Amino acid sequence: MSFQPVLPLSGYTGWAFLKRTMSKQQAVQQALPVQQRDEAYFRDKIGKADTAEKLVNDKRLLRIALTAFGLEGDVNNTAFVRKILEGGTLKEGSLANKLADKQYQKFAVAFGYGDFSVPRTKISTFADEILTQYRARSFETAVGEQNNTYRLAMNAEREVGALAAKTSSDAAKWYTILGSEPLREVFQTALGLPDSFSSIDIDQQVSVLKAKTKAAFGSSDVSQFRDSAKMEALTRRFLVRAEIKELGSGNSPAATALALLRG
């Protein structure tokens, strides 16, 4: 039996309900036999996957590993995943470093196949490290199957907060956001930017994002989102504007109900 989170409401009200019940709902998911079997399998097998080839050749292990980084869509792209892992991140020209989506870089760093003679899969705490991320991401995936807007918001709370705390330049942080489709969508929606925004010059996109962010939150710096109040304000703007957008397009449950009543 697959896990289905309880999401009785939509919009910001539904988000508040999800946040309030999240820990209990996550506990229910983690107690499911299918989840327990996956975790037991990962603990038993991951230490033996001492090469990238062994990992990608075990579809179950690979699915869990990719899900932990939100990359489960690549589970069948084994040649691509293997190249990322074997290239590591210590070489400037490695594939993981070239890709705009930095989740691939995080994935390669976590496993360490291309950077060390002994991969990180041999570390005693490695399974716990990956499974902690797997639980969080698999819950987000389940939420996203019912409400992808909530999945985007959950991802943003984690990823933007972590990015804001980094010591890299503010420009680098904005380019990272633009390189991540989920984060780009959150900011683009929250700041009221059109879908065509992504088609303009990348440097111009950064300039527009910084100006819009300063107008909305008082600062153009990504680092401000280390403040939980600022992060909550960003999430609220995103959810409210996303709901308005859905109502306008007629795709939301409320819009569907209204159309049925009118019909």
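Before moving on, here are some points about what is shown:
- Leading residue by the ranking (farthest from the chain's Cα centre (by Cα)) among those in segment 111-126 that are over 10 Å from residue 85 (Cβ atoms), surrounded by 16 or more Cβ atoms within 10 Å (Cβ to Cβ) and touching a residue at least 40 places away in the same chain (Cβ under 8 Å): 121
- Just one of the numbered conditions (1) modelled with pLDDT of 95 or more; (2) closer than 15 Å to residue 150 by Cβ is not true of residue 218: (2).
- Leading residue by the ranking (surrounded by the most Cβ atoms within 10 Å (Cβ to Cβ)) among those in segment 49-61 that are in contact with an Asp or Glu (Cβ under 9 Å, 6 or more places away or on another chain) and more than 16 Å from residue 129 (Cβ to Cβ): 52
- Hits in segment 8-39 (condition: buried (at least 18 other Cβ atoms within 10 Å of the Cβ) and of a type in the set (A, V, I, L, M)): 18
- Unique residue being farther than 30 Å from residue 54 by Cα, within 21 Å of the chain's Cα centre (by Cα) and hydrophobic (A, V, I, L, M, F, W, C) when the list is 211, 153: 153
- Output for segment 144-172, where each listed residue is surrounded by fewer than 20 Cβ atoms within 10 Å (Cβ to Cβ) and β-branched (Val, Ile, Thr): 167
- Some residue of segment 81-88 being touching a residue at least 40 places away in the same chain (Cβ under 8 Å) and surrounded by 17 or more Cβ atoms within 10 Å (Cβ to Cβ): no
Residue-by-condition table, conditions (1) under 22 Å from residue 158 (Cα atoms); (2) at pLDDT 95 or above; (3) among the polar types (S, T, N, Q):
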| position | (1), (2), (3) |
| --- | --- |
| 25 | yes, yes, yes |
| 28 | yes, yes, no |
| 40 | no, yes, no |
| 44 | no, yes, no |
| 51 | no, yes, yes |
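- Filter result for the condition that a residue is in contact (Cβ under 8 Å) with a residue 24 or more places away in the chain, surrounded by 17 or more Cβ atoms within 10 Å (Cβ to Cβ) and in a loop (DSSP other than H, G, I, E, B), over 69, 42: 69
- Residues of segment 1-21 that are in contact (Cβ under 8 Å) with a residue 40 or more places away in the chain and part of a helix (DSSP H, G or I): 11, 12, 14, 15, 18.
- Selection status of residue 141, outside any helix (DSSP H, G or I), among the β-branched types (Val, Ile, Thr) and surrounded by fewer than 20 Cβ atoms within 10 Å (Cβ to Cβ): no
- Residue 100 being in contact with a helix residue (DSSP H, G or I) (Cβ under 9 Å, 6 or more places away or on another chain), modelled with pLDDT of 95 or more and either closer than 26 Å to residue 177 by Cα or in a helix (DSSP H, G or I) (or both): no
- Residues in segment 211-232 that are of a type in the set (Lys, Arg) and either outside the structural domain of residue 156 (by TED's automatic domain parsing) or within 13 Å of residue 157 (Cα to Cα) (or both) were compared, and the one that is surrounded by the fewest Cβ atoms within 10 Å (Cβ to Cβ) is 226.
The values are calculated or read from the model by the stated rules, or taken from the named source; none is laboratory data. Quantities reported herein were computed from a predicted structural model and do not represent experimental measurements. When we count neighbours, we look across all protein chains shown, and the Cβ atoms used for this are built from the backbone with ideal geometry, even at glycine.
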